[in-house]
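Chemist: Below you'll find the structure I mean.
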Amino acid sequence: MTRLRVNGRDHDLDVDPETPLLWVLRDELRLTGTKFGCGIAQCGACTVMLDGMPRRSCVTPIGMIEGSEVTTIEGMEGPEVAAVQAAWTAIDVPQCGWCQSGQVMSATALLQQIPQPSDEDINNAMAGNICRCATYTTRRGFLAGGTGLLLALALPVGRGRAQVTVAGPFAPNAFIRIGTDDLVTVLIKHLEMGQGPYTGLATLVAEELDADWSQMRAEGAPADDRLYANLAFGAQGTGGSTAIANSFMQMRKAGAAARAMLVAAAAEEWGVPASEITVKAGVVAHEASGRSSGFGALSTAAARQPVPEDPPVKAPADFVLIGTDRPKLDSASKSTGTAQFTLDVYRDGMLTVVVAHPPRFGATLARVDDSAALAVKGVEMVRTVPSGVAVYATNTYAALKGRDALILEWDDSKAETRSSTQMFAAFAEAAAQGGETVEEEGDLSAIDGAARVLTAEYRFPYLAHAPMEPLDAVIETKGGKAELWFGSQFPSFDKPTIAGALGIAPEDVTINVLMAGGSFGRRAQGSAHLAAEVGAIAKAAGRDGAFKLVWTREDDVKGGYYRPMTVHRLRAGLDADGTIVAWENVVANQSIMAGTPMEAMLKGGPDNSSFEGSTGLPYRLGAKRIGWARMESPVSVLWWRSVGHTHTAYAVETFLDEVLEAAGNDPVQGRLDLLPSEAARERAVIAEAARMSGWQGPRRDGKGYGIAYAKSFGTYVAEVVEVEDRGGTPRVTRVWCAVDCGIAVNPNVIRAQMEGGIGYALSAALHSRITLAPGGTVEQSNFHDYPMLRIAEMPAVEVSIIRSDADPTGVGEPGDDLQTPDAFDAIADKAERSAALFQEMGKVLTHPRCLNCHPVTGGPTQGEDMHPHDPPVVRGEADFGAPGMTCNTCHGAENVTLTGGQGSIPGHEPWSLAPVSMGWVGLSLGEICQQIKDPERNGGKTLEELHEHNAHDGLVGWGWHPGAGREPAPGSQEIFGQLTRAWIDTGAACPG
């Protein structure tokens, strides 16, 4: 027996003393907040506190820690952890959420030891924590504020799973359940794996229902094609960036129908016309009679109302929730370790199962000796399944130990035995042969007569997806029926596959779709191989029961289903003037859809996902030919985040840079010159990315800059990167991203996805590759040799969402956009142009966020109505703040600068609260302008100092980051600074 003290309680455990603490916490004590990510202390998902210090539980044998105090995420207490969890929730740090328990533990330990950590402190403390969703910059920004910043955010955060609505009588359709407690639960037909459909689809419902965001909840819809099919491809599944697009009107109609039924019920109960009833923020009201009600009290009556067939929906101008930042519905539970994932499911009598897969792709089992495995304490049985050999045990450690004891021989006669080097040579040779033509325009022979011909070859290795939660699934069979719990990305494929493996009808299979700890394409399985494997282990058991299938990180990295190895061979011809007269790109790789049920969709044609992004280019490239050489290999391949675009965008845009440089053209202007006038959205994102970065060419101040554009799944993206030479090693330090994805439903989710995608791609570019050794075995196995991007490597990322009215994903952010200075270049008269520039600046200067700090008398004001500060603030000497303290005494949590350093916050000299002489309320814009220019009234500042204030000071920056419940100033501080600079340079004229 081993005595273990966990979260203040003693436990006497009859387990192998070599068992890692992680599996004791999970399998024996059911403390599931601590996650499995790698098993070798390389990712931090398993972090716990051991005697107050962070420790990786996956490599800590319990026999070594008797007498120590173990604290898991469930037992963490104190102001630091409360503050971290509140901050994580407030700024939506969690995406997939799998790594967040470990992140919170490490962050809490850091702040307990160093209340005001430096960047180096943060890098050191968080270096062991991997986040595949790459929310590093958001996390860093709040940790850098220290405990003073975080403690101000220590608001109550729900720790349990008590977010499920009370069972109520009102279910107007397949998507909405309204309980008697007023809570609205939306059944989400798309897998939540970090990309935000729980929040996005719930927003669409809440908008039309006129619910208050605080009453919204979300949970995964069960597997049911009839009710929950993806309208984009007619089957229940998540992929192709279609979640919001296909659900946009469907979910709004569902919300509108529920609203209409609630209104009809109220009208009937109160005896008033339905047309006189309003619904706002979850309250149904009749103003004339003074009657009002929440949703729950009307739910029984509403359930008796007829369901409207085609209820009207709001005009975009009437949107309240769509287009605004709202806290994600799943952030709190992911920050406290209470969110339920597949690995967290435990059923009575359940056995854990691991499978030994062949070490070479295409190999099959020849012989197995399981005697040593069966001798391991806890191993119940060993079975042969189509994918390998399955070991069943009463706990995870026993299953893994039993698998290690297997003696296996494999038949490699049909296996892939080539090395990566040999495969690349074969792929390159196929590309040189030209492949099958998939797109052609004009006469490519123009390249033969070109004044100059450029060629390039780009090679892309296999890549594993490596989501933080490896593959897993739980199945329970009983009486000819099966129920499953897992992150099923394509239930339409998984359900019949499981039924086939068990020999039962699909209608006897129930799939409970749980959140997934990332996917990046790994769970989007056209072959449904995970479903086939979990079905097979249940069948092979030979009895009813519950079984949890677990893949380790080694299974994941070595297990195939990679992004395809690819070779691009490009040629371009230039005439004597540097104009592109011909372009050819031949792509050689495997087909992803071949050999899966989705192959039928190809109808005998090429697999577009293998070369998408190389065809349909918007640029004018003269004669064009795109070829595809389909390669064959037993190595299994799968969609990887952005699929074909992950290699085609790189090859196309990098080669285009080479061509533009050869012609003497600037990378930005050269791209714009190649775009036709009708390519407005393409031009807009390129121009915006260039503007954001202050583009001046590919080299500036010893740094390199590059730009690339891509259209992927209907979304237009352009990015500029800044690269520094750090001792011979390139380091990406900043990225500016402009994105046009149509109407933006949840801008905060879009920004997080762009940031995460940048981090994910950078991780692949810097570190990741899967290689086959001679003989065909995979050389990588875990995060030590398949490394991931760490927090110190993540660049600063700035995202600009282009306002768009295009379908189907929502409305733009609130507030008027600022025009950039070049919008005024057409004004010939310099003074008029200067005055017009100040007029544009006035959108910020007269905004409440600016006026709050420029009161005409007394202290600062608050809110949109500029009411007196509460509590009252009395000015100190020389007009600075309150005696004995600065504004950041109370406001540091909300107002920390994004542009300066510590201290550049409200109350920091020399800016602080504006002097009374700079009070602007009630003044005309011309009067404000004159006041700003007058040293007698502006605190003795020069125009250059005022530009520095507008462009870089954190106090001004607060106007765009004012905290929850306050409307940000229009545009951005960067544009405001550019306008100020242009106003000064054109003479600093004032409007009349």
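The values are calculated or read from the model by the stated rules, or taken from the named source; none is laboratory data. Being a predicted model, the structure only gives us computed values, none of them experimental. Neighbour counts run over all protein chains shown; Cβ positions are idealised from the backbone, glycine included. Keep in mind that these areas ignore ligands, DNA and RNA; they rest on the heavy atoms of the full protein, side chains included. Shrake-Rupley method; radii C 1.70, N 1.55, O 1.52, S 1.80 Å.
Chemist: Given R₀ = 22 Å, what would the calculated FRET efficiency be for Glu832 paired with Leu943, taking r from the Cβ atoms and rounding to 0.05?
Modeler: According to the calculation, E is roughly 0.70.
Chemist: Roughly how far apart, in whole Å, are the Cα centres of region 626-702 and region 69-135?
Modeler: 37
Chemist: Right, another one. What does the extension gain come out to for Ala372 and Ser445, with contour length at 0.36 nm per residue minus their alpha carbon separation?
Modeler: Length gained, Ala372 through Ser445: 19.6 nm.
Chemist: Turning to a different aspect of this structure: May I ask for the distance between the Cα centers of region 177-249 and region 1-55, given as a whole number of Å?
Modeler: Result: 35 Å between the Cα centres.
Chemist: Which three lengths, in whole Å and largest first, does the chain cover when its Cα atoms are put on their principal axes?
Modeler: 92, 79, 63
Chemist: Moving on to the next point. For the pair Leu13 and Arg304, what calculated FRET efficiency results from E = 1/(1 + (r/R0)^6), where r is the Cβ-Cβ distance and R0 = 45 Å, to the nearest 0.05?
Modeler: Efficiency at R0 = 45 Å is approximately 0.25.
Chemist: Using θ = phi - 60° and the Karplus form 6.51 cos²θ - 1.76 cosθ + 1.60, what ³J(HN,Hα) does each residue of region 38-46 get, whole Hz, x for Gly and Pro?
Modeler: Per residue, the Karplus-derived 3J(HN,Hα) values read 8, x, 10, 6, 10, 10, x, 5, 9 Hz.
Chemist: What FRET efficiency comes out for the pair Asp805/Arg620, r = Cβ-Cβ distance, R0 = 22 Å, nearest 0.05?
Modeler: E(calc), rounded to 0.05, equals 0.25.
Chemist: Which ³J(HN,Hα) values, rounded to whole Hz and listed in residue order, are derived for region 363-372 from phi using the Karplus coefficients 6.51, -1.76 and 1.60 in 6.51 cos²θ - 1.76 cosθ + 1.60 with θ = phi - 60°, glycine and proline given as x?
Modeler: Computed from phi, the couplings for region 363-372 are 6, 10, 6, 9, 7, 9, 10, 9, 4, 5 Hz.
Chemist: How large is the accessible surface of His952 in square angstrom, using a 1.4 angstrom probe and rounding to the nearest 10?
Modeler: We get 90 Å² for His952.
Chemist: Evaluate the relative contact order of the chain (contact order divided by residue number), counting alpha-carbon pairs under 8 angstrom at least 6 apart; express in whole percent.
Modeler: RCO, the chain: 11 percent.
Chemist: I need the phi-derived Karplus couplings for region 14-29: 6.51 cos²θ - 1.76 cosθ + 1.60, θ = phi - 60°, integer Hz, Gly and Pro marked x.
Modeler: 9, 9, 4, x, 7, 4, x, 3, 3, 6, 5, 4, 7, 6, 8, 9
Chemist: If you place +1 on the Cβ of every Lys and Arg and -1 on the Cβ of every Asp and Glu, how big does the dipole about the Cα centre of the chain come out, in debye to the nearest 20? Present the calculation step by step, with values, prior to reporting the outcome.
Modeler: Working: 82 positive and 120 negative charges, 355 e Å.
Using only the charged Cβ atoms, the result is roughly 1700 debye.
Chemist: Roughly how many percent of the accessible protein surface of the chain is carbon and sulfur, given a 1.4 Å probe and a whole-percent answer?
Modeler: Numbers: 19800 of 38590 Å².
Here it works out to 51 percent.
Chemist: Might you tell me the accessible area per residue for the chain, computed with a 1.4 Å probe and given in Å²?
Modeler: Working: 38590 Å² over 992 residues.
I get 39 Å² per residue for this part.
Chemist: While we're looking at this one, here's another question. Based on DSSP, what percent of beta bridges with both residues in the chain are antiparallel, to the nearest 5?
Modeler: Percent antiparallel among DSSP bridges in the chain is about 75.
Chemist: Give me the net charge for the shell around Ala499: Cβ to Cβ below 9 angstrom, other residues only, Lys and Arg +1, Asp and Glu -1. Kindly include the intermediate steps, with their values, before the conclusion.
Modeler: Working: positive: Lys495; negative: Glu507, Asp508.
Net charge around Ala499: -1.
Chemist: Turning to a different aspect of this structure: Hey, which of these cross-link pairs are over 29 Å Cα-Cα: Lys495/Lys558; Lys558/Lys711; Lys189/Lys711?
Modeler: The answer is Lys558/Lys711.
Chemist: Please list Thr648, Thr861 in order of solvent-accessible area, largest first, computed with a 1.4 Å probe with all protein chains present.
Modeler: Correct descending sequence by accessible area is Thr861, Thr648.
Chemist: Quick one: which residues, 5+ away or cross-chain, put their amide H under 5 Å from the amide H of Tyr786? H built at 1.01 Å from N.
Modeler: It is Ser781, by chain and number.
Chemist: Students sometimes get this wrong: rank Asp225, Asp472 by accessible area, probe 1.4 Å, all chains present, largest first.
Modeler: Most to least solvent-accessible, the answer reads Asp225, Asp472.
Chemist: Near the amide H of Ala235, under 5 Å away, which other amide H atoms are found, from residues 5 or more places off or on another chain, if H is placed in the peptide plane?
Modeler: Placed amide hydrogens put Asn230 under 5 Å from Ala235.
Chemist: Also, quick follow-up: Would you please classify the overall shape of region 1-131 from the alpha carbon gyration tensor, given that a ≥ b ≥ c denote the square roots of the eigenvalues, rounded means a/c under 1.5, and beyond that prolate means a/b larger than b/c while oblate covers the rest?
Modeler: prolate
Chemist: If you average the sequence gap of Cα pairs under 8 Å that are 6 or more apart and divide by the length of region 226-366, what percent do you get for the contact order?
Modeler: Values: 93 pairs, mean separation 24.0, N = 141.
RCO, region 226-366: 17 percent.
Chemist: Another one. Can you list residues whose amide H is under 5 Å from Arg326's amide H, if they're 5+ apart or on another chain and H is modeled 1.01 Å from N?
Modeler: Amide H neighbours of Arg326, under 5 Å, 5+ apart: Asn748.
Chemist: Would you mind calculating the relative contact order of region 757-803 from Cα pairs under 8 angstrom and at least 6 residues apart, reporting the percent as a whole number?
Modeler: After rounding, I find 37 percent.
Chemist: Right, another one. Could you sort Lys933, Lys414 by their accessible area in this structure, using a 1.4 Å probe and putting the largest first?
Modeler: Largest to smallest exposure gives the sequence Lys414, Lys933.
Chemist: Something else now. Straight-line reach from Lys314: which aspartates and glutamates fall under 12 Å, measuring Cα to Cα and dropping same-chain residues less than 8 apart?
Modeler: Here the aspartates and glutamates satisfying the reach criterion relative to Lys314 are Glu207, Glu208, Asp210.
Chemist: Here's a follow-up. Of the listed pairs Lys35/Lys401; Lys253/Lys334; Lys280/Lys843, which have alpha-carbon separations greater than 24 Å here?
Modeler: Lys253/Lys334; Lys280/Lys843
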